[in-house]
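Enquirer: Sharing a structure with you now.
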Amino acid sequence: MTATRLRDIEVAYDERGRGEAIILLHGFPFNRSMWRQQIEALSSNNRVIAPDLRGHGETGVVGSAATMEEMAKDVCALMDRLDIEQARICGLSMGGYVALVFVRLYPRRVNALVLADTRPQADGTDARVNREKMAEQALRQGMSSIADAMLPKLLTRRTLDSKPEVVNRVREMITGNKPEGAAAALRGMAARRDQSDLLPKIEVPTLIIVGREDAVTPVADAEFMHRAIRNSRLEVIEEAGHVSNIERGAEFNRALSDFISTVAG
Ligand code: MLT
């Protein structure tokens, strides 16, 4: 792990391998360790960088909201710090929200995009209200109560019933976050804008991945993005829910590696 002061916070990140840069942006409320299997697989041929996003893991947070714009600006500042002009940007769920903002703000800094288990739409009114309730729950009752509420939606029934090591890994990521950081990210997600109008303007090769059983950002969201992004391909991973890169690491890595090999150079 390395930590560096960027903008107004300390940002923790992992960096491994040499070659073309690929930046992995985790979901909510996880941390960079969610990419363990992907870092392992990709770093033999690529320079892989996985930061803890603002408010998560070992990265700091300032104020009561961590917006997707702030997170995207942190990623750009990290690229500047590491002398990376262009990168493949891969985001899962909230990481995908950040990736879309990044493309809007810095289109020239992206040479390929991976949008996993995510969606371009903003929250509706009910979802915004629920985010604020969850932010207050995190602050009052702590991250274990957030893990209890979220786990059934993140993983498939099969994983919940038969893979305690996966359930524990996801639970530990969630409970390792600070309530203030989670609350700030929830408020940031609630405030995010609809990115649907950006999709037809995306020109870089794009891979869209989704777990067949994703209950948070379902296959229909992935299909919508696939239809709207001209130069995109869609991979649906069977027997995976929302955290498809953990539940089906080998299949996720295969899709990612195949895609990266087509955009090499
Ligand atoms: C995530 O995995 O990042 C979150 O479930 C996204 C969300 O709550 O919208």
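The values are calculated or read from the model by the stated rules, or taken from the named source; none is laboratory data. Since we're looking at a predicted model, the values are computed, not measured. For neighbour counting, all protein chains shown are included, and Cβ atoms are generated from backbone atoms with ideal geometry for every residue, glycine included. Note: accessible area is taken over every heavy atom of the protein model, side chains too, but ligands, DNA and RNA are not part of it. Shrake-Rupley method; radii C 1.70, N 1.55, O 1.52, S 1.80 Å.
Enquirer: Return one whole number: the accessible area per residue of region 115-265 in Å², for a 1.4 Å probe.
Expert: Values: 6890 Å² over 151 residues.
For region 115-265, the solvent-accessible area averages 46 Å² per residue.
Enquirer: Only four residue types carry charge here, +1 at the Cβ of Lys and Arg and -1 at the Cβ of Asp and Glu. Report the dipole size of the chain about the Cα centre in Debye, rounded to the nearest 20. Don't jump to the answer; show the numbers that get you there.
Expert: Working: 36 positive and 37 negative charges, 51 e Å.
The calculation lands at about 240 debye.
Enquirer: So, one more: Taking the Cα of D8, stepping 7 Å toward and past its beta carbon, and measuring to each backbone N in region 171-215: which are under 17 Å?
Expert: Hits in region 171-215 for D8 at 17 Å: 180-189, 191.
Enquirer: To continue, here is another question. Looking at the chain only, what percent of DSSP beta bridges run antiparallel? Nearest 5 please. Walk me through the intermediate numbers first.
Expert: Values: 9 of 33 bridges.
That works out to approximately 25 percent antiparallel.
Enquirer: Relative contact order of region 47-180, please, whole-number percent, based on alpha carbon pairs below 8 angstrom and at least 6 residues apart. Let's see the in-between values first.
Expert: Details: 125 pairs, mean separation 28.7, N = 134.
The normalised contact order for region 47-180 reaches 21 percent.
Enquirer: State the extension gain, in nm to one decimal, for the chain segment bounded by E85 and K153, taking 0.36 nm per residue of separation less the distance between their alpha-carbons.
Expert: 20.8 nm
Enquirer: Mind giving me the FRET efficiency for D123 and S261? R0 is 35 Å, r the Cβ-Cβ distance, nearest 0.05 is fine. Working shown, then result.
Expert: On the way: r = 36 Å, r/R0 = 1.02.
The computed FRET efficiency comes out at 0.45.
Enquirer: May I pose another question? Where Lys and Arg each count +1 and Asp and Glu each count -1, what net charge lies around L92 among other residues with Cβ under 12 Å from its Cβ?
Expert: Net charge in that neighbourhood comes out at -1.
Enquirer: For region 113-127, what does the Karplus curve 6.51 cos²θ - 1.76 cosθ + 1.60, with θ = phi - 60°, yield as ³J(HN,Hα) per residue in whole Hz, taken in order and with x for Gly and Pro?
Expert: Working through the residues one at a time gives 9, 10, 10, 10, 6, 9, 7, x, 5, 7, 6, x, 4, 4, 4 Hz.
Enquirer: Over what distance in Å are the Cα centres of region 204-265 and region 10-32 separated?
Expert: Using only Cα atoms to place each centre, the spacing works out to 18 Å.
Enquirer: Next question. Highest mean first, what order results for 36-47, 175-186 on Cβ atoms within 10 Å?
Expert: Working: 36-47: 17.9, 175-186: 21.7.
Result, highest mean Cβ count within 10 Å first: 175-186, 36-47.
Enquirer: Moving to a separate point now. What list of ³J(HN,Hα) values in whole Hz, one per residue of region 160-176 in order, does the Karplus curve 6.51 cos²θ - 1.76 cosθ + 1.60 (θ = phi - 60°) give from phi, with Gly and Pro shown as x?
Expert: Taking θ as phi minus 60°, the curve returns 4, 7, 10, 10, x, 5, 6, 4, 5, 5, 5, 4, 5, 4, 5, 6, x Hz for region 160-176.
Enquirer: Grab the beta carbon distance between R227 and A191, set R0 = 25 Å, and tell me the FRET efficiency rounded to 0.05. Could you put the intermediate results ahead of the total?
Expert: Values: r = 27 Å, r/R0 = 1.06.
It comes out at approximately 0.40.
Enquirer: For region 1-59, calculate the relative contact order in percent as a whole number, restricting contacts to Cα pairs under 8 Å that are 6 or more residues apart. Intermediate values should be presented prior to the final figure.
Expert: Details: 115 pairs, mean separation 25.0, N = 59.
It rounds to 42 percent for region 1-59.
Enquirer: Calculate the length of the line joining the C-alpha centroid of region 42-67 to that of region 147-188, in whole Å.
Expert: Spelled out, the Cα-based centre of one part sits 17 Å from the other.
Enquirer: Remind me, relative contact order of the chain in percent, using alpha carbon pairs under 8 angstrom and six or more residues apart?
Expert: Working: 562 pairs, mean separation 54.6, N = 265.
In percent, rounded to a whole number, it is 21.
Enquirer: Looking at the square roots a ≥ b ≥ c of the eigenvalues of the Cα gyration tensor of the chain, which shape do they give, rounded for a/c under 1.5, prolate if a/b is larger than b/c, or oblate? Could you put the intermediate results ahead of the total?
Expert: Details: a/c = 1.29, a/b = 1.15, b/c = 1.12.
Verdict is rounded for the chain.
Enquirer: Within straight cross-link reach of K133, meaning Cα distance under 19 Å, which lysines are found once same-chain residues fewer than 8 apart are removed?
Expert: K153, K178
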